[in-house]
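Bear in mind these aren't lab numbers, they're just calculated from the coordinates by the rules spelled out. Because the structure is a prediction, the values reported are computed rather than measured. Cβ: placed from backbone, ideal geometry, glycine included. Neighbour counts: every protein chain shown.
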């Protein structure tokens, strides 16, 4: 069974949803038969290479809310992330355009290390204050997660995998995906948002049962 997950590396709900999905997959009886593929989705394709100002101010401007309310929103997400074992540091986050990060993830998929690179990029942005759009930073982070640094640099110095990113984004529009994370299971079921572990586990079981007629979802065939 194939699970495709549309997400962005600067999306807090994507990081939380990833952790919850991993827990659901660990509890899934057929987890060894599940292929996971991370798909590209840019929250802001027009973002520059670096974005100034505080994260709370950016949030307030985006949603048209008072600064105190934006800070409270960040605090709530930080607490939810902590409940999943994630440490969010909005005070040091350095956002920017994520298209190169997505191109790196496509290279990682071709080299069989996409899960590790995805996790490394999320941790670098949300916990370590790494500049997510910086070319040298991306090369280093990719190397730490198993990519060849020379190949990663070559990809980022070209337009390699840009068409793949755009294809993912076009598919998202066709599927009606307007927000992330969005989980697509065997192109049969879609689950929107950072749902609970229980909801994600039930979706895995249902998709598996539909793909294996006559086999109970909670049992090994």
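If you scan region 125-147, which residues turn out to be buried (at least 21 other Cβ atoms within 10 Å of the Cβ) and out of contact with any helix residue (DSSP H, G or I) (no Cβ under 8 Å at 6 or more places or on another chain)?
If the condition is that a residue be buried (at least 21 other Cβ atoms within 10 Å of the Cβ) and out of contact with any helix residue (DSSP H, G or I) (no Cβ under 8 Å at 6 or more places or on another chain), then 125 is the only one that fits.
Identify, please: which residue in region 36-64 is surrounded by 15 or more Cβ atoms within 10 Å (Cβ to Cβ) and assigned to a loop (DSSP other than H, G, I, E, B) and is, among those, nearest to the chain's Cα centre (by Cα)?
The qualifying residue nearest to the chain's Cα centre (by Cα) is 41.
Which one is farthest from the chain's Cα centre (by Cα), of the residues in region 106-136 that are more than 23 Å from residue 16 (Cα to Cα) and outside any loop (DSSP other than H, G, I, E, B)?
Across region 106-136, the extreme among qualifying residues is 136.
Restricting to region 137-158, give me the number of residues that are closer than 24 Å to residue 94 by Cβ and part of a helix (DSSP H, G or I).
Here the count works out to 13.
Among the residues of region 156-163, are any buried (at least 19 other Cβ atoms within 10 Å of the Cβ) and on the phi < 0 side of the Ramachandran plot?
Yes; the residues of region 156-163 include at least one that is buried (at least 19 other Cβ atoms within 10 Å of the Cβ) and on the phi < 0 side of the Ramachandran plot.
Within region 159-179, can you find the residues that are in contact with a helix residue (DSSP H, G or I) (Cβ under 9 Å, 6 or more places away or on another chain) and in a loop (DSSP other than H, G, I, E, B)?
Listed by number, the residues that qualify are 159, 160, 161, 177, 178, 179.
Taking the condition of being buried (at least 23 other Cβ atoms within 10 Å of the Cβ) and assigned to a strand (DSSP E or B), how many residues in region 4-27 meet it?
Of the residues in that region, 2 qualify.
Identify all residues within region 186-203 that are closer than 19 Å to residue 31 by Cβ and not in a loop (DSSP other than H, G, I, E, B); write none if there are none.
Going through region 186-203, the residues closer than 19 Å to residue 31 by Cβ turn out to be 186, 188-189, 191, 195-203.
The answer is 189, 191, 197, 198, 199, 200, 201, 202, 203.
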